[in-house]
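Please treat every number below as a calculation from the coordinates, not as lab data. Keep in mind it's a predicted model, so treat the numbers as computed, not measured. Cβ: placed from backbone, ideal geometry, glycine included. Neighbour counts: every protein chain shown.
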Amino acid sequence: MPGNTSWLSLFSASTIPYMTSPNGDIDIILGSNVETGMFYSKAAFAKAGITGTPATWADFMTDLGKLKTAGVTPIMFADGGLCNPSWFERLATSSLLAGQVSQFDVNHAQVTTGLDVAVGINKGIISMNNPHYAEVWKLLGQLVSYSGSGQASYDACSPPTQTTPPLTTETLLTQGKVGMLWGGTWYFPQLNSLGFTGKYGVFAEPAITTTSTPLALGTSTVGMIGGPNGNGQWGVTSQQADSSMTPAKTATVMNFLAWLFTPQHLGYWITINQSGADIPTVTGAPTVNIPGLNSLVPAAKVGTVVDVVLDDVLSTAATNSGLRLVQEYIDGQLSYSSFASQWQSLLTSSAQQWANTNHVDLSKY
């Protein structure tokens, strides 16, 4: 793939690491960001006397409390699918382990791999015995008293047309049944299609600061969920993989990509081809004019994103078991101590299973 530094300089600083392999090669060209954020009902916020949006996790908890006091179900933490649970795991783990990630970041990729995670578990860093990691799940427990009932019936990634569980959470917001949702940029056109235009706002996931826990590192988590994985993902095969891919063909394709990935061309292409509110990865490219959209996109390079259990990093079986535990925990069926014990067992067994399957000796790291 291209190594032209002047051409690559068109991309936002947060995009390049997602396109770059550990050896420095550009493996894929990414066209747009799909991000997540907190969507809220303006009417619910007004009823609760909330005049601004929270910037920190502590402020977020305060506002959830205000909504509850005002008689509004504060939030639906949808755990019927992986969207909200895996999003939370990625956000909180990346934030609270930012100071320790270098100890298990073996592959040095933008997002941790199975090897990274298995090493982290084997070293006792990704462990419920590590206060920084345990704090991830203690923070999640704070949502129990604020989340609406029936979370397992909903998933943040289900479309509004879904008629069987897991259902979309968006109708809960439009019908006034909850005050806030954790959703993605695809919510913008979907909420508008439900007749909710102008009735909602959005803000980026609040940072975890020392006001919430003395273990906080003040890490910005904007852009750690989602990322430049929307419309416009392009790759060019090598001649080694496809013998018909001659140098002349490669040059032709690269000339086309260099033309497409310029502000005026990419902005137009993303706008007419997007299925949601995707944000072009090239700086200066025009995008849809949606209030709050750009606040969801990181302004600088994103720190290492730590994925552990809930995103098929170790195995699908680990993800399914992890989701079940999170459902029971957030639904109030498991105490923190019971959850912690079972989660630690899942971490240990899943890491060892990954190592066995991939014939890796974790003690080498």
Note to self: Among 294, 15, 315, whose Cα projects farthest towards the positive end of the dipole of the chain, with charges put on the beta-carbon of Lys, Arg (+1) and Asp, Glu (-1)?
What the structure shows: 294
Next item on the list: Work out which helices of the chain, taken as complete DSSP H runs, extend at least 24 Å along their axis over the Cα atoms and score a mean Kyte-Doolittle of 0.0 or more, then list them.
Entry: none
Next item on the list: Work through the residues other than residue 238 whose Cβ is under 12 Å from its Cβ and net out their charges, Lys, Arg +1 and Asp, Glu -1.
Entry: -2
Check: Listed here are the pairs 68/177; 47/68; 123/301; 138/301; 42/66; which of them are more than 19 Å apart at the Cα?
Finding: 123/301; 138/301
Notebook entry, point to check: To the nearest 0.05, how large is the calculated FRET efficiency for residue 162 and residue 353 if R₀ is 35 Å and r is the Cβ-Cβ distance?
Noted result: 0.60
Checklist line | Neighbour-count ranking [beta-carbon atoms within 10 angstrom, fewest first] of 315, 244, 335 | finding: 244, 335, 315
Notebook entry, point to check: Between segment 305-365 and segment 136-208, what is the C-alpha centre distance in whole Å?
Noted result: 25
Notebook entry, point to check: If you take every DSSP beta bridge whose two residues both sit in the chain, what share of them, in percent to the nearest 5, is antiparallel?
Noted result: 75
Checklist line | Fraction of alpha-carbon pairs over 19 Å apart in segment 194-251 - percent | finding: 67
Note to self: Charges at C-beta only: +1 for Lys and Arg, -1 for Asp and Glu. How large is the resulting dipole of segment 1-358 about its Cα centre, in Debye rounded to 20?
What the structure shows: 680
Check: Once the dipole of the chain is set up with Lys and Arg at +1 and Asp and Glu at -1 on Cβ about the Cα centre, which of 28, 353, 203 lies farthest towards its positive end?
Finding: 203
Checklist line | Order of 324, 90 under a 10 Å beta carbon neighbour criterion, fewest first | finding: 324, 90
Item checked: √(5λ) per eigenvalue of the Cα gyration tensor, segment 209-339, largest first, Å -> 39, 23, 15
Item checked: Exposure proxy ranking, count of Cβ atoms within 10 Å, fewest first, for 339, 60 -> 339, 60
Checklist line | Environment charge of residue 117, counting only residues whose C-beta is closer than 13 Å and scoring Lys/Arg +1, Asp/Glu -1 | finding: -4
Note to self: Report the per residue volume, in Å³, of the convex hull enclosing the C-alpha atoms of segment 144-226.
What the structure shows: 126
Next item on the list: State log₁₀ I(q)/I(0) for segment 1-358 at q = 0.11, 0.14 Å⁻¹ as given by the Debye formula over alpha-carbon point scatterers of equal weight, solvent excluded.
Entry: -0.79, -1.23
Check: Given a cut-off of under 8 Å on Cα pairs at least six residues apart, what relative contact order in percent is computed for the chain?
Finding: 30
Next item on the list: Please compute the Cα-Cα pair-distance distribution of segment 85-226 with 10 Å bins starting at 0, giving whole percents from short to long.
Entry: 10, 34, 30, 20, 5, 0
